[in-house]
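Asker: Sharing a structure here in structure tokens format.
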2 protein chains.
Amino acid sequence: MSANFPPLARRLDGLQSSAIRDLLKLTSRADLISLAGGLPDAELMPRDRIAVAADAALSDRSRLQYTESPGWGPLREVLAARESGRLGRGVPVEEIFVTHGSQQALSLLSEVLLDPGALVVVEDPAYVGALQVFRAAGARITAVPLDADGMRLDALRELLAAGERPAVVHTVSNFHNPGGVTLSPERRRELANLAEQYGFWIIEGDPYGELWFDRPAPAPVAAYSPNVIRLSSASKILAPSLRVGWMIAPAQVCRAVELLKQGADLCGSALTQQITADLLADTDWLAAHVDSVRQVYGDRARALVDAVRARFGDRVISTDAAGGMFVWVDFADGTDTQALLPQALDAGVAYVPGNAFAVSTDYTRSMRLCFTTSDAATLGEAVDRLSEAHAAVARV
Amino acid sequence: MSANFPPLARRLDGLQSSAIRDLLKLTSRADLISLAGGLPDAELMPRDRIAVAADAALSDRSRLQYTESPGWGPLREVLAARESGRLGRGVPVEEIFVTHGSQQALSLLSEVLLDPGALVVVEDPAYVGALQVFRAAGARITAVPLDADGMRLDALRELLAAGERPAVVHTVSNFHNPGGVTLSPERRRELANLAEQYGFWIIEGDPYGELWFDRPAPAPVAAYSPNVIRLSSASKILAPSLRVGWMIAPAQVCRAVELLKQGADLCGSALTQQITADLLADTDWLAAHVDSVRQVYGDRARALVDAVRARFGDRVISTDAAGGMFVWVDFADGTDTQALLPQALDAGVAYVPGNAFAVSTDYTRSMRLCFTTSDAATLGEAVDRLSEAHAAVARV
């Protein structure tokens, strides 16, 4: 800060831009194939259907006005009906709260649920958007590793047995970002039981649940306990620029979030919320649209995983391509993915090194690959380049 | 909270919904004329022009994607050009940050500028959206009264002379909400000088500056010092549901706000930001549109003030109808506006009692009237009803 300006708040001292965002700035080179991003494919977004919905929305001038802080009523009703089906109970609109993307729900919840110093349990590797928010809230953060069935509940039980009492346990239940895995039905039930037994909240982030490739995702953790606050979003199935996410939570939590939303930004956009409601309520169209996204992402995911396994064989362990947007790769041969990155960029391919997502586990030998925005041939070429870079590093 | 649920954060204990929001819930009766609201008139919002811009935006799929946290580049460029004209210097895009309405700018700035316990000086009566945010940030709040020329700088100088050292002074410089007054050019210069002399930030909220009725608003406070962070918005001149506000601030402040915006909600909507950029860049159309809004609001404002003065004579002192959306009325005859309200509601008219905006001054005998959403005849009828209620209370 220039000496001429008044000071900024001290809490900013430790705050840094995420390593991933900084990396993404390096990967906009035209000749680079980036598997580092985390964006859905804009080519698959339903532009024409959104244009029709925008036109319909703009025929009513009230869609230009401020809307209610918890969200535009008819959107909350559509969401309540969808979630009633998912959760197997009638979800009242009072338990639906619309946010500016589900990141805003995380941010407001961190203020609603966490006193400074409260313990938050996250997964390792972690969704960094959640990590950033919990750290900013002054929480104490402990991580529980993932395995092929999602969060390792044996590790969580150990923490609880040692006397730790989390205020919140955060999980990305389906097709984890970055870990690629899905929490098994047995663990969902057990996690919900632990939440009730020990009196903690579960935040279940579920942006990817509808993007399954072979079989639908299991019933949400929220189907097993009212202690679960479930988050999802239109960003991955419709379009991120709608900035529409939502939270399903006990009415008391929704009321507390409403008070904070008023100060944070008053309300969302009645325009993009009506567009979203229109598309979500058009169930035949939506089913066909989401099916086509699943088809394309599924093909890409399989192409990527097949190429990785073909090229690297037993030198790597890769997650299956079961859904979502990401594959997680562990190098069994000890390759340091941070050291590999400059060679990979030289060879024309980018990824995110595992340690960018690490909380307390060492992910030096891991990487996250995103398969959403490249076709199968390009993904094959990306893995060829990665293999070339890997060989060059191995030769050194 | 039900005993079965885990606890919520203790910081929520003192948090309450604003009295004004609660009042507004009472004023949706169809037979009631409400001067209590604070909304622009949806009938004047440029629906057709927005529909054209939405169509154009949706022809580019990248408008469906996530955008940069500081805002969509071309919108920042349009804003930089506009603000360069207003501030009389070349404003670089690094000093422009787009927010989800200017309320979000206030909220993020409270985290960027304020350590817990820091002193914030606000105006009395205060813009309650700012007050709510500064209180939530744990600031110590002191108020300086308004007079016909805006914030009373003699009172601010007294505070400074007594050794008070604010981190932030907040002002609504043009057509104050709720006070109706405009900070004089002489005071703008002096306030800017004090900011540099004593090393504090000024937050200049300016949502209404373009809504002048007889003559343009004076040059912004930000024209006098780089210590000023200037906020404005598309909500009052275009449409609130775009949820587009903006901040003009030193690049260091913008960078700090960017770090917090990433955690708060990642980014705004590329769709509504392109719509906004399109409309703001269409300067001939915009000038004609804003002129027509000024014309309508100006006519309504004059009708309201004339009716108040005709009905109440020297029993009231009303601000002039110079711009913005509000008129502030002080009862010289000692009428308690909180006590009057039930009678007024019975007579079919609503307003906001002055004490809803009070920080440390007594505004028992004041009220805020909003003239934007009723035509001249309806405003006259509203004042008739108010006079009827006033007579009934005076008879008791």
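Asker: Taking only Cα atoms, what is the 0 to 90° angle, nearest 10, from helix A:47-58's long axis to the longest principal axis of chain A?
Answerer: So the helix axis and the longest Cα principal axis differ by about 20 degrees.
Asker: State the antiparallel share, in %, of DSSP beta bridges confined to the protein assembly as shown, rounding to the nearest 5.
Answerer: 50 percent
Asker: Amide H to amide H under 5 Å from B:VAL352: which residues, 5+ apart in sequence or cross-chain, H placed 1.01 Å off N in plane?
Answerer: For B:VAL352, whose amide H was placed from the backbone, the distant partners under 5 Å are B:ARG368.
Asker: Oh, and also: For A:LYS25, which aspartates and glutamates qualify as cross-link partners when the Cα separation must be under 16 Å and same-chain residues fewer than eight apart are set aside?
Answerer: Qualifying aspartates and glutamates at Cα under 16 Å: A:ASP346, B:GLU68, B:GLU258.
Asker: Express the relative contact order of chain B as a whole percentage, based on alpha carbon pairs under 8 Å and six or more residues apart in sequence.
Answerer: On the way: 708 pairs, mean separation 87.6, N = 396.
Across chain B, relative contact order equals 22 percent.
Asker: Mind giving me the nanometre distance, one decimal, between the label points for B:ASP22 and A:ALA162, set 7 Å out from Cα along Cα→Cβ?
Answerer: Roughly 4.6 nm, to one decimal.
Asker: Let me ask you something else. Hey, what number do you get for chain B at 222 nm if only DSSP H runs of n ≥ 4 count, each worth -39500 (n - 2.57), divided across all residues, to the nearest 500?
Answerer: -13500 deg cm²/dmol
Asker: Still on this structure, I have one more. Stokes-Einstein D for chain A at 4 °C, 1.567 mPa s, Kirkwood Rh over Cα pairs, in µm²/s?
Answerer: 59 µm²/s
Asker: Report the calculated FRET efficiency for A:ASP55 and B:ALA30 (r = Cβ-Cβ distance, R0 = 35 Å), to the nearest 0.05.
Answerer: It comes out at approximately 0.75.
Asker: Measuring label to label, 7 Å along Cα→Cβ, what does A:ALA392 give against each other copy in nm, shortest first?
Answerer: Listed shortest first, these distances are 8.4 nm.
Asker: Out of all DSSP beta bridges with both ends in region B:65-282, state the antiparallel percent to the nearest 5. Working shown, then result.
Answerer: Details: 10 of 27 bridges.
Rounded to the nearest five, the antiparallel share is 35 percent.
Asker: Continuing with the same structure: State, to one decimal in nm and shortest first, how far the label point of B:ASP282 sits from each corresponding label point in the other identical copies (label point: 7 angstrom along Cα-to-Cβ).
Answerer: 2.4
Asker: With the alpha-carbon atoms as the only input, what is the per residue convex hull volume for region B:65-282 in Å³?
Answerer: Roughly 112 Å³ of hull volume per residue.
Asker: Shifting gears a bit: Along the positive direction of the dipole of chain B (beta-carbon charges: Lys, Arg +1; Asp, Glu -1; about the Cα centre), which of B:GLY73, B:ALA137, B:GLN295 reaches farthest?
Answerer: Farthest towards the positive pole: B:ALA137.
Asker: Tell me which A residue has its C-beta closest to the axis rotating A onto B, and the distance in Å?
Answerer: Residue of A nearest the axis onto B, distance in Å: A:ALA54, 2.
Asker: Rank A:ALA322, A:ALA301, A:ALA56 by mean-square fluctuation in a GNM of chain A with C-alpha springs under 10 angstrom and give only the top-ranked residue.
Answerer: Sorting by GNM fluctuation, first place goes to A:ALA56.
Asker: Ok, one more. Carbon and sulfur: what percent of the protein assembly as shown's accessible surface (1.4 Å probe)?
Answerer: On the protein assembly as shown, the fraction of accessible area on carbon and sulfur atoms equals 49 percent.
Asker: Extension gain A:ALA287-A:ALA339, at 0.36 nm per residue separation less the Cα-Cα distance, in nm? If you can, show how the numbers build up before the last one.
Answerer: Numbers: separation 52, 0.36 × 52 = 18.72 nm, distance 4.34 nm.
Net length gain for the segment: 14.4 nm.
Asker: Using Cα atoms only, what is the angle between the long axis of helix B:251-265 and the major principal axis of chain B, expressed in degrees (0 to 90) to the nearest 10?
Answerer: Approximately 80 degrees, to the nearest 10.
Asker: Further question on the same structure: Among bridges DSSP assigns within chain A, what percent are antiparallel (round to 5)?
Answerer: Given both bridge residues lie in chain A, the antiparallel proportion sits at roughly 50 percent.
Asker: Applying the Karplus parametrisation 6.51 cos²θ - 1.76 cosθ + 1.60 with θ = phi - 60° to the phi angles of region B:110-125, what ³J(HN,Hα) value in whole Hz is obtained for each residue in order, glycine and proline being reported as x?
Answerer: With the stated coefficients, region B:110-125 comes to 4, 7, 7, 9, 10, 7, x, x, 4, 8, 10, 9, 10, 8, 10, x Hz.
Asker: Rounded to the nearest 20 Debye, what is the dipole magnitude of the protein assembly as shown about its Cα centre when Lys and Arg each give +1 and Asp and Glu each give -1 at the C-beta?
Answerer: The dipole magnitude comes to about 680 debye.
Asker: For the protein assembly as shown, what is the convex hull volume of its Cα atoms per residue in Å³?
Answerer: Working: hull volume 132.2 nm³, N = 792.
In the protein assembly as shown, the Cα hull volume divided by residue count equals 167 Å³.
Asker: Can you give me the angle between helix A:185-198 and the longest principal axis of chain A, using Cα atoms only, in degrees from 0 to 90, rounded to the nearest 10?
Answerer: The angle comes out near 60 degrees.
Asker: Can you tell me the dipole magnitude for region A:278-396 around its Cα centre, using point charges on the Cβ only (Lys, Arg +1; Asp, Glu -1), in Debye to the nearest 20?
Answerer: 400 debye
Asker: While we're looking at this one, here's another question. For chain B, with a Gaussian network of springs between Cα atoms less than 10 Å apart, report the residue from B:ASN227, B:ASN177, B:ASN193 with the top mean-square fluctuation.
Answerer: Residue with maximal mean-square fluctuation among B:ASN227, B:ASN177, B:ASN193: B:ASN193.
Asker: At B:ASP22, with labels set 7 Å past Cα in the Cβ direction, how many nm apart are the copies from this one, shortest first?
Answerer: Here the equivalent label points are 4.8 nm apart from this one.
The values are calculated or read from the model by the stated rules, or taken from the named source; none is laboratory data. Bear in mind that the values here come from a model prediction, so they are computed numbers and not experimental data. Glycine also receives a Cβ, built like all others from the backbone with ideal geometry; neighbour counts cover every protein chain displayed. Ligands, DNA and RNA are stripped out before the accessible areas are found, and what is left, the full protein with its side chains, is counted by its heavy atoms. Shrake-Rupley method; radii C 1.70, N 1.55, O 1.52, S 1.80 Å.
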